[in-house]
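The values are calculated or read from the model by the stated rules, or taken from the named source; none is laboratory data. This is a predicted model, so every value here is computed, not measured. Positions of Cβ are generated from backbone atoms using ideal geometry, with glycine treated the same way; all protein chains shown enter the neighbour counts.
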Amino acid sequence: MTRTFDHLVAEAESVSVDGWDFSWLDGRATEQRPSWGYQGMLAERLARVRSALDIQTGGGEVLAGAGPLPPLTAATESWPPNIEKATRLLHPLGAVVVADTDEPPLPFGSDAFELVASRHPVTIWWEEIARVLTPGGTYFSQQVGPASVFELVEYFLGPQPEEVRRARHPDDAVADARKAGLEVVDLRSERLRTEFHDIGAVIYFLRKVIWMVPGFTVGHYRDRLRELHERIEREGPFVAHTARFLIEARKPD
């Protein structure tokens, strides 16, 4: 039986969006994954070091899934519900979770970690990353690229200016890394198909990834949501494209 708009909205508004686990979307949305397999590559790097830092760890799910962890492992997170979730998940694995505002400086001494990692960071403070890396240490990150899921963003916000569409370009990340004194040793970029199969999936996604449509609420966008619901019912999944890039940078010895 087809679920009504009101039912889908109520369901998506009531579910928790804590952490960085998107399993609630199983069967409701699909996202093509980058070919490189970030978590597996992270696991390989964790196995080679004795100290690591995961920045903006979310609920700690990605780091936990890449274990076993080095003897000294720390993670930072700013959002209180995620801090609690990451603490419960990572402490038993030997990692300490540090509450951090995502503003410089990082709450660690210089030359502290052989590996610094981050998956989909909102902000990247390259000079701080360089500072806390040991000489010869590595920053390894998968990041959201330019105009990611902008088919959905522009559905709600309208056409965005070119400087907004170009933000988070991998070329800028390379330039910023080099400016901080790091040597970029790997850079990969892909655009990937994403499908939203019902309006509940759209609502959940925008509640969780809060920077996509800033200030998103169902109440404010209810008319547009209803129009999109009717479009999905009529035409099938709403298709967007995510942008992802992988960057690895090394601090000179």
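Scanning for something part of a helix (DSSP H, G or I) and of a type in the set (Ser, Thr, Tyr), does the range 150-158 turn up at least one residue?
For the range 150-158, residues part of a helix (DSSP H, G or I) and of a type in the set (Ser, Thr, Tyr): present.
Restricted to the range 196-211, and to residues that are under 15 Å from VAL153 (Cβ atoms) and either touching a Pro at 6+ places or on another chain (Cβ under 7 Å) or at pLDDT 95 or above (or both), which residue is surrounded by the most Cβ atoms within 10 Å (Cβ to Cβ)?
VAL202
Please state which one of ILE83, ILE124 is crowded, with 19+ Cβ neighbours inside 10 Å, part of a helix (DSSP H, G or I) and either in contact (Cβ under 8 Å) with a residue 12 or more places away in the chain or out of contact with any Lys or Arg (no Cβ under 7 Å at 6 or more places or on another chain) (or both).
Just a single option satisfies the conditions, and that option is ILE83.
Taking SER35 as the residue in question, decide whether it is at pLDDT below 95, outside any helix (DSSP H, G or I) and either hydroxyl-bearing (Ser, Thr, Tyr) or loosely packed, with under 12 Cβ neighbours inside 10 Å (or both).
no
Can you give me the number of residues within the range 49-71 that are crowded, with 22+ Cβ neighbours inside 10 Å, of a type in the set (Gly, Ala, Ser) and at pLDDT 95 or above?
Final tally of qualifying residues: 3.
Looking for whichever is at pLDDT 95 or above, farther than 20 Å from LEU115 by Cβ, over 15 Å from the mean Cα position of the chain (by Cα) and surrounded by 19 or more Cβ atoms within 10 Å (Cβ to Cβ) here; the options are ALA12, ALA74. Which one fits?
It is ALA12.
List pairs: first residue in the range 8-20 and within 29 Å of THR87 (Cβ to Cβ), second residue part of a loop (DSSP other than H, G, I, E, B) anywhere in the structure, Cβ distance under 7 angstrom, at least six positions apart or on different chains.
Final answer for the pair search is GLU13/VAL218; ASP18/GLY59; GLY19/GLY58; GLY19/GLY59; TRP20/GLY58; TRP20/GLY59.
Regarding the range 153-176, can at least one residue be identified that is in contact with an Asp or Glu (Cβ under 8 Å, 6 or more places away or on another chain) and over 26 Å from VAL15 (Cβ atoms)?
yes
Restricting attention to the range 159-179, which residues are more than 16 Å from the chain's Cα centre (by Cα), of a type outside the set (A, V, I, L, M, F, W, C) and either at positive phi or part of a helix (DSSP H, G or I) (or both)?
GLU162, GLU163, ARG165, ARG166, ASP171, ASP172, ASP176, ARG178, LYS179
Quick one: count up the residues across the range 197-253 that are over 23 Å from TYR38 (Cβ atoms) and more than 20 Å from the chain's Cα centre (by Cα).
The number of residues fulfilling the criteria is 28.
In the range 15-32, what count of residues is obtained for those that are within 19 Å of the chain's Cα centre (by Cα), modelled with pLDDT of 95 or more and assigned to a loop (DSSP other than H, G, I, E, B)?
2
Go through the range 107-121 and report how many residues are assigned to a loop (DSSP other than H, G, I, E, B) and either within 16 Å of LYS179 (Cα to Cα) or touching a strand residue (DSSP E or B) at 6+ places or on another chain (Cβ under 8 Å) (or both).
6
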